[in-house]
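The values are calculated or read from the model by the stated rules, or taken from the named source; none is laboratory data. Treat the numbers as computed from the prediction; the structure is a model and nothing was measured. A quick note on method: Cβ atoms are made from the backbone with ideal geometry, for glycine too, and the neighbour counts reach across all protein chains shown. Just so you know, the surface numbers come from the protein's heavy atoms only, side chains and all, with ligands and any DNA or RNA stripped out. Shrake-Rupley method; radii C 1.70, N 1.55, O 1.52, S 1.80 Å.
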Amino acid sequence: MMRRLLALAAAWAALSLAQTPAAKSWKAPRTPDGTPDIQGIWSNSTLTPLERPKGLGAKEFYTEQEFAELARRVREGKVGDEADIGAAAEQTLRYDLSLYGFDITKATFASNRRTSLIVGPEGVVPPMLPQARKRNAERAAKNKGHEFDSYENRPLQERCILLGQERIPMLSGPNDNNELQIVQGPGWVVLLHEINHDTRVIPTDGRPHLPQSIRQYQGDSVGHWDGNTLVVDTTNFMDLANFRGSGEKLHLIERFTRTAEDTVLYQFTVEDPETWSKPWTAEVPMVRTEGPVYEWACHEGNTMISTILNGARVAEAEAAKKAGK
């Protein structure tokens, strides 16, 4: 199964790189120890949605003219006014993100002109298996009516444990907190996320995965170099950190390929035989951005959890008082 997943991820990677003209003439730099140099500060911010909007059918790529028109609408602040933009842009317009210094007119679509981050003619996440729908329904039912019992009943993002772009696979957003700093050394690669200031250390020294009995929110990642590409294999996920409804059998292959001086192509293939009918792959070009990556302290001055739980206790006390009358 692992060989099949690696082969699938490699096939998609080869196809995508073959469609990039610059990849044919540009030669990736090397670190002192001879590995491809993918270091730098990168951003995966994009308006391209994960799944292809229904109106585009099997259309995988925009034409150059269509892509230029999309870019023009973004510069004029009109993004999101038509159905083919997708949910990412719609969400951007729903909130006044300018409060955080975000300017919608500076946002961009993925430079590979894909209509969705998910590759292939379907362009969407495969159908969820019946047993997975049942598992997720039971998970939701178990917490129903207990959402405010304790901090443990609150979402991981609300608790500053795992936030948006920090999760793996790394899904991009159209606004802020998309910076990722990559640092390399002999036998390891380190990924520093701007959001939540999360640091992910990936060994590339050939070590095996941890025993299956050891589970982690972000799984256990081991990496190796395949030509100019860093391949990261991740297993041992906790059920609590489900990705779009996945379970403990989630298996992730990520690929980082430096395709130009200012671009790293990030690709991931997801497989969970207990959740989806087949593996699926997505990709997004990460572009070089100015640093530094500032500290992102989620809990600093954050009273969200205490306020929510205190409010629930007040409501319970008032309900008990009324019931006693």
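Would you call Glu254 under 26 Å from Glu295 (Cα atoms) and acidic (Asp, Glu)? So Glu254 fits the description; yes. Considering only residues in the stretch 89-111 that are open to solvent by 30 Å² or more (accessible area, probe 1.4 Å) and in contact with a Leu (Cβ under 8 Å, 6 or more places away or on another chain), the one that is modelled with the lowest pLDDT turns out to be Ile104. List every residue pair whose Cβ atoms sit under 9 Å apart, with the two residues 6 or more apart in sequence or on different chains, where the first one lies in the stretch 65-78 and is under 11 Å from Ala107 (Cβ atoms) and the second, anywhere, is modelled with pLDDT under 80 and in a helix (DSSP H, G or I). Qualifying pairs under 9 Å: Val74/Ala89; Val74/Ile104; Val74/Thr105; Val74/Lys106; Arg75/Thr105; Arg75/Lys106; Gly77/Ile104; Gly77/Thr105.
Select from the stretch 177-226 the residues that are without any contact (Cβ under 8 Å) to a residue 24 or more places away in the chain and in a loop (DSSP other than H, G, I, E, B) and list them in ascending order. The answer is Gly187, Asp205, Gly206, Arg207, Pro208, Pro211, Ser213, Ile214. Closer than 23 Å to Trp276 by Cα, of a type in the set (Gly, Ala, Ser) and modelled with pLDDT under 75: is that true of Ala132 in this structure? Here the answer is no, as Ala132 does not meet what is asked. Kindly indicate whether any position in the stretch 309-324 is in a loop (DSSP other than H, G, I, E, B) and either modelled with pLDDT of 90 or more or acidic (Asp, Glu) (or both). So far as the stretch 309-324 goes, no, none of its residues is in a loop (DSSP other than H, G, I, E, B) and either modelled with pLDDT of 90 or more or acidic (Asp, Glu) (or both).
Please state which one of Ala282, Ala260 is open to solvent by less than 70 Å² (accessible area, probe 1.4 Å) and in contact with a strand residue (DSSP E or B) (Cβ under 7 Å, 6 or more places away or on another chain). On inspection, the qualifying residue turns out to be Ala282.
Only a single item in (1) surrounded by 17 or more Cβ atoms within 10 Å (Cβ to Cβ); (2) within 22 Å of Leu163 (Cβ to Cβ); (3) in contact (Cβ under 8 Å) with a residue 40 or more places away in the chain is not met by Glu248, and it is number (3).
Scanning the stretch 293-310 for residues that are touching a residue at least 12 places away in the same chain (Cβ under 8 Å) and open to solvent by less than 80 Å² (accessible area, probe 1.4 Å), we see that the one that is farthest from the chain's Cα centre (by Cα) is Leu309. Within the stretch 23-45, if we keep just the residues that are in a loop (DSSP other than H, G, I, E, B), open to solvent by 30 Å² or more (accessible area, probe 1.4 Å) and modelled with pLDDT under 90, the residue that is nearest to Ser172 (Cα to Cα) turns out to be Ser45.
Set side by side, the residues Lys59, Lys78 differ, and just one is among the charged types (D, E, K, R), modelled with pLDDT of 90 or more and not in a strand (DSSP E or B), which is Lys59. Going residue by residue through the stretch 263-270, is there one that turns out to be farther than 18 Å from Gly164 by Cα and open to solvent by 20 Å² or more (accessible area, probe 1.4 Å)? Looking for residues that are farther than 18 Å from Gly164 by Cα and open to solvent by 20 Å² or more (accessible area, probe 1.4 Å), one finds at least one in the stretch 263-270, hence yes.
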